[in-house]
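First comes the structure, then the notes that go with it.
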Amino acid sequence: MKLNYTFLFIIPLALIMLMDQMFVELMAPDNPLQQGLIQNMLLKGMAGFSMLYCILFFNRMSKYMRFAFFMLLLYIAALVFESKYVYGSFMVYPHVFVKVLIFTYTYFVYTFYKANYHLKTKHVVWFILAGFWLNVLLINPHTLSISAFTNHERGVYSNSVYMLVVPFLYFLSNYFYKSKFASLFMAFFMLFAIFFFQHRTVWISTAFVLIVYYFFIQFKTDKPINFLTKLLPIGTIVGVLGVVASGFILSIHPEIIEKVQESFSDIENFESQGTGGWRYQQWLSYLPFIQEHFMLGMRFEGFELPIQFYRDDIDAPVFEDGNGHHFHSFYVEILFYAGFIGFILFLLISLYPIVKAMRMRVLTINQIILVSFLSSGFIFGISYVLPVFFYGVLGWAIAAIEEEKVTYQTFIQKSGMRMKARRLNMQKILNSV
């Protein structure tokens, strides 16, 4: 019996995903202090390793990725020089360096899979699901109740729920292209989980993903899907069962309807209701500093700046001074610390697979899944700092865009050769007759 060792190729991507809070909680249950130490150690350790790995295997990268990585190295070198010249230390505030060092995770994953593209999407999907449900069942079992839903006790972090979008797209694609009913069930289950844990930003991001996914399926494959034909029969059955089940549940727990209405109201009135209003106030607090240092950001001066975001009820800073600023928006964070230059460094890698996919005539299903997911990062980043695993998936997506097209073109070439051979054989038969 031969063992399939391809699952081992998930390790580089898994090293990045393990830094997500849901995995860190499994490493140190009920110990927030230790969790913070583990996460901090992994963040810095992997950043150093990623940079060294990419420098050693720089020649694996495509010309564009070499240029982008070189630009990142220049920026990091400038930070090191400023830190040494102004503060006498090569890395005076690691908190500031991490804001751009995190981009090295993308280059590490990309560089590895550029030369070893044997990663299977199904292995990534089941790795995510294993981590997520182990966290829910072992660390946050209290979240699996109606009272937790109505009281908004989400338990699971938004980053972890956002990760479920990848399995959702995978199972949905399996149903569309392999007609696996079990995959459709899993897709609905993923969608229900995303809804149940009530992170409204993840709801919006998932809706955006579906729009992009639909566009790519319709215009970037040789086999566009008739969604109406595929989903209407099953959707009708699921809809009827859902109405019956929800009617029974809602008759017992009418407060669920009020909670859902409240959540959508918070989305519509983000400036004044829910956590959206809280974020909006934080944006306004730091906007003057972002405008004043728009091109280069505040960098180390930003770390030293006193907390500008105050609680109205006690007239005190929301966070403690001396620990850096903790933003609830990727855009605010990157512009505050690294400025527009830092944001450009992000766009160099985040837009690359999307633009390249738009220019390609045909995409593989895996490419569509990854690019669709990445596009939602621009939505998710409005309300949250992009999770660490996002940069790992980004590296995987870039490798997929560059590598999987070769497989497809080879397939087309072979198909053309087979068609030519068939025509020649047919011609011989006709001539013989």
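The values are calculated or read from the model by the stated rules, or taken from the named source; none is laboratory data. Since we're looking at a predicted model, the values are computed, not measured. Methodologically, a virtual Cβ is constructed for each residue, glycine included, from the backbone with ideal geometry; neighbour enumeration extends over all protein chains shown. The accessibility values were calculated without ligands, DNA or RNA, using every heavy atom of the protein model including side chains. Shrake-Rupley method; radii C 1.70, N 1.55, O 1.52, S 1.80 Å.
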Checklist entry - Which residue out of PHE373, PHE327 is under 22 Å from ILE102 (Cβ atoms), at pLDDT 95 or above and buried (at least 16 other Cβ atoms within 10 Å of the Cβ)? => result PHE373
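Rundown of residues vs (1) open to solvent by 50 Å² or more (accessible area, probe 1.4 Å); (2) small (Gly, Ala, Ser), yes/no style:
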{"position": "ILE16", "(1), (2)": "no, no"}
{"position": "MET19", "(1), (2)": "no, no"}
{"position": "MET22", "(1), (2)": "no, no"}
{"position": "ASP30", "(1), (2)": "yes, no"}
{"position": "ASN59", "(1), (2)": "yes, no"}
{"position": "ALA68", "(1), (2)": "no, yes"}
{"position": "TYR75", "(1), (2)": "no, no"}
Next on the checklist: When you check PHE9 against the structure, is it at pLDDT 95 or above and either open to solvent by 50 Å² or more (accessible area, probe 1.4 Å) or under 25 Å from ILE139 (Cα atoms) (or both), yes or no?
Outcome noted: no
Checklist entry - Where residues in segment 285-324 are part of a helix (DSSP H, G or I) and open to solvent by 80 Å² or more (accessible area, probe 1.4 Å), which of them is modelled with the lowest pLDDT? => result GLU304
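Kindly indicate whether THR229 is in a helix (DSSP H, G or I), open to solvent by 80 Å² or more (accessible area, probe 1.4 Å), of a type in the set (S, T, N, Q) and modelled with pLDDT of 60 or more.
Values: in a helix (DSSP H, G or I): yes; open to solvent by 80 Å² or more (accessible area, probe 1.4 Å): yes; of a type in the set (S, T, N, Q): yes; modelled with pLDDT of 60 or more: yes.
Considered against the rule, which asks whether it is in a helix (DSSP H, G or I), open to solvent by 80 Å² or more (accessible area, probe 1.4 Å), of a type in the set (S, T, N, Q) and modelled with pLDDT of 60 or more, THR229 comes out as yes.
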Checklist entry - Quick one: which of MET46, MET41 is within 26 Å of TYR157 (Cα to Cα), open to solvent by 70 Å² or more (accessible area, probe 1.4 Å), modelled with pLDDT under 95 and assigned to a helix (DSSP H, G or I)? => result MET41
Item to check | Residues (in contact with a helix residue (DSSP H, G or I) (Cβ under 9 Å, 6 or more places away or on another chain), at pLDDT below 90 and either not β-branched (Val, Ile, Thr) or not in a helix (DSSP H, G or I) (or both)) located in segment 111-146 | outcome: ASN140, HIS142, LEU144
